[in-house]
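Trainee: Sharing a structure below in structure tokens format, with a few things to ask.
The values are calculated or read from the model by the stated rules, or taken from the named source; none is laboratory data. Every value quoted in this text rests on a predicted model; they were computed, and no experiment measured them. Cβ atoms come from the backbone with ideal geometry, glycine included; neighbour counts cover every protein chain shown. In case anyone asks, the SASA skips ligands and DNA or RNA and just uses the protein heavy atoms, side chains included. Shrake-Rupley method; radii C 1.70, N 1.55, O 1.52, S 1.80 Å.
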Amino acid sequence: MMAVTSSCKEGTKIAMDNGKYVRYTPEQVEALERLYHECPKPSSIRRQQLIRECPILSNIEPKQIKVWFQNRRCREKQRKEASRLQAVNRKLTAMNKLLMEENDRLQKQVSQLVYENSYFRQQTQNTTLATTDTSCESVVTSGQHHLTPQHPPRDASPAGLLSIAEETLTEFLSKATGTAVEWVQMPGMKPGPDSIGIVAISHGRSGVAARACGLVGLDPTRVAEILKDRPSWYRDCRAVDVINVLSTGNGGTIELLYMQLYAPTTLAPARDFWLLRYTSVMEDGSLVVCERSLNNTQNGPSMPPAANFVRAELLPSGYLIRPCEGGGSIIHIVDHMDLEPWSVPEVLRPLYESSTLLAQKTTMAALRHLRQISQEISQPNVTGWGRRPAALRALSQKLNKGFNEAVNGFADEGWSMLESDGVDDVTLLVNSSPSKMMGINLSYGNGFPSMGNAILCAKASMLLQNVPPAILLRFLREHRSEWADSGIDAYSAAAVKAGPCGLPVARGGSFGGQVILPLAHTIEHEEFMEVIKLENMGHYREDMIMPGDIFLLQLCSGVDENAVGTCAELTFAPIDASFSDDAPIIPSGFRIIPLDSGMDASSPNRTLDLASTLEVGAAGNRSTGDNSGRNGSTKSVMTIAFQFVYEIHLQENVATMARQYVRSIIASVQRVALALSPSNFGSHAGFRTPPGTPEAQTLARWICQSYRCYLGVELLEYEGSESILKTLWHHTDAVLCCSLKALPVFTFANQAGLDMLETTLVALQDISLEKIFDDNGRKALFAEFPQVMQQGFMCLQGGICLSSMGRPISYERAVAWKVVNDEENAHCICFMFVNWSFV
């Protein structure tokens, strides 16, 4: 036989039958390269066709063409791998430089602390108690200590602003690379080539502060341009207005800015800032953008207080951007704010005193946005919706902004409040401004469009306890039918203009009265957008769009249970089938923000509008929680806002409907939160204790006895009846029970079963047996299902099933057996999926 040998590096050689190498001609190489770009892996038939179509290749045998394509693919793979390794090496080199700088900074901080400790120890040893009567002096001194120091107003003339700018630059650099702030690593953040960067939060510093260092594949000028456009990446930023611009003699720029931030809940006012921003280039070529508040100034521009806003303070903060060898930038970010927590109810103050929350929502958001932009530039692609990532990101910002506007209800956007019905748990606002109504096409029953439309927003907030925000949000997303009203969904969808069909529809994951189409797209870290087709209409079909179908555009974030201090958010808006870029977006949704577990809070069963019951002030109002500090209990505040388009003459009826609807949602969320609490169920990751009711113990015993009876072997290795449930709960294979009905639904699962189906014990009963199998799996299951009732068990070959999220799962084999009770009557069917994993 011929020994075919070839080198991946020598692509112009071929192996002949006589063992000698003959070079391809340049023309042959050009033709093969052209064919390779058309089809990198041609079949045998295609290779023969290539020889016939290209006379220049007629003297080459098909198997030699095959070897050439193998070598060409090998070279391409090696090139990509080399490029990847070079990129990783550049990242590691830059990360090593960052870590060395961080190590130097920490060594300086240690030296400073050692010096201060030695100094204070010496002062303590040298201090002697005074024996003379100094009561009069003490009184004077004591009085002076309680006086608030009054600093003279700063000069805001051009020369004074330059002095403030240079001072801001110095203070910012001392925080970014120096020891002005004692930084501690943020929990859960570990540096590495694939991490977002080095993230730290302040310790023992006034206000809240966070710092991050990272690498981005963008040049410094582009980085500065993106970061200055704060509303494009900071979701809480309503607007940044440039009031004045001054040029400095050193080539820098001073800008005077007015910035507004949305309030995250209905329970607190929004924040605004009057800022100076200084942009300059340092001697080493680094670009610096630093900012600070301009409170207490004179002889220059000023910004008077705005209604419904609390003036907060931005302490010296900013961005240090240095060019990186091999391209890209090394960036240091510092955010340092005083958000005036005294102005909110005491139970909410952790939101304004948490450096971790600031890091999540601001500092890390900036780094993630930069990395997302860099990735989109280096790997441009089009999603399944026919839109580029930048367009989808803009759409997600539109959803988020609309929800923030509904939560805040600013008067300058046209919102006005309606009178209460006597119970202040739900707040109603209306807006009939032309900008809000643009593109909305609500019609009368006779088909003629209505000319007098408005938007009504019903909003409320509630305290939650002992339920992690991520778990509750996942339940609300997966099981819409548990809280939503299909008639109101249809009413909201009627306000959206109908257009030509533009949504590609294919079978997606179906559960909870809805179908999530396979169009989900990740916008940024832990945030994804999806289109939902609701199962509300009598003519419903999953595989096609029908007249009257209801679609929701939905944005979900904060579903990672392991993230620290993450806000969980679910916003959605009805859309028409055209899904055009100029389609009106009227979002509604939920926002759940974790609170400090050490703060006292009201009972987990209590739902209220905190604004009407909590005193705002320095003293606040301390509620008496009963078990807030035990068992790692978690507290959070949920904000709900729903918007409805209506005809103005129907305002009273719609207002009544909206109040009732939001109150019903609050009641549903209360019920779900109580069910998901670890004190009631241990059904989710993080709650690893199995449900210990007598019924569960009895079911576990029946499952094991029936398995031994029908299969002749033990299912578990346990000691004593009390440990059966615990052993079954922690079994590595997925064990699930389903009811004996015409349409079997799941009734019980162990921890592995819940993990496999990506659900909870509460939501498990919404999942039917047939939903987790594809068409072939369903046919095989129902063909063999009678065997279980007759023989008592059946064995299924390995295959694929689906989780409740629509994710495919492979399993090596499955066993099903009939579970009988103590009277030997059939109770349920039990399935065990062996060696399962997500595909």
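Trainee: How much FRET efficiency would the formula 1/(1 + (r/R0)^6) give for VAL110 and GLN660, where r is the Cβ-Cβ distance and R0 is 56 Å, rounded to 0.05?
Mentor: For R0 = 56 Å, the calculated efficiency reads 0.35.
Trainee: Assigning unit charges at the beta carbon (Lys, Arg +1; Asp, Glu -1) and nothing else, what dipole magnitude in debye, to the nearest 20, does the stretch 158-382 show about its Cα centre?
Mentor: Using Cβ point charges on Lys, Arg, Asp and Glu, the stretch 158-382 gives about 440 debye.
Trainee: Per the Kirkwood treatment, what hydrodynamic radius in Å, one decimal, follows for the stretch 753-804 from the mean inverse distance over all distinct Cα pairs?
Mentor: 12.2 Å
Trainee: Taking 0.36 nm per residue of separation and subtracting the Cα-Cα distance, what length does fully extending ALA307 through THR25 add?
Mentor: Extra length from ALA307 to THR25 when fully extended: 93.6 nm.
Trainee: While we're on this one: Test of understanding: what is the full-extension gain from SER768 to GLU714, defined as 0.36 nm times their sequence separation minus their Cα-Cα distance?
Mentor: 16.7 nm
Trainee: Ranked highest first by the average count of other Cβ atoms within 10 Å around their residues, in what order do 24-30, 656-662 fall?
Mentor: Averaged packing, sorted descending, gives the order 656-662, 24-30.
Trainee: Right, something else. Apply the Debye scattering formula to the stretch 34-114, with a single equal point scatterer on each alpha-carbon and no solvent, then give log10 I(q)/I(0) at q = 0.19 Å⁻¹.
Mentor: Ignoring solvent entirely, the Cα scatterers give -0.85.
Trainee: Let me ask something else. Give me the accessible area per residue for the stretch 34-114, probe 1.4 Å, as a whole number in Å².
Mentor: 68 Å²
Trainee: Taking the simple approach of a point 7 Å from Cα along Cα-to-Cβ for both VAL88 and GLU101, what is their distance in nm?
Mentor: 2.5 nm
Trainee: Between ARG52 and LYS80, what length comes free when the chain is fully extended (0.36 nm per residue of separation minus the Cα-Cα distance, one decimal in nm)?
Mentor: 6.9 nm
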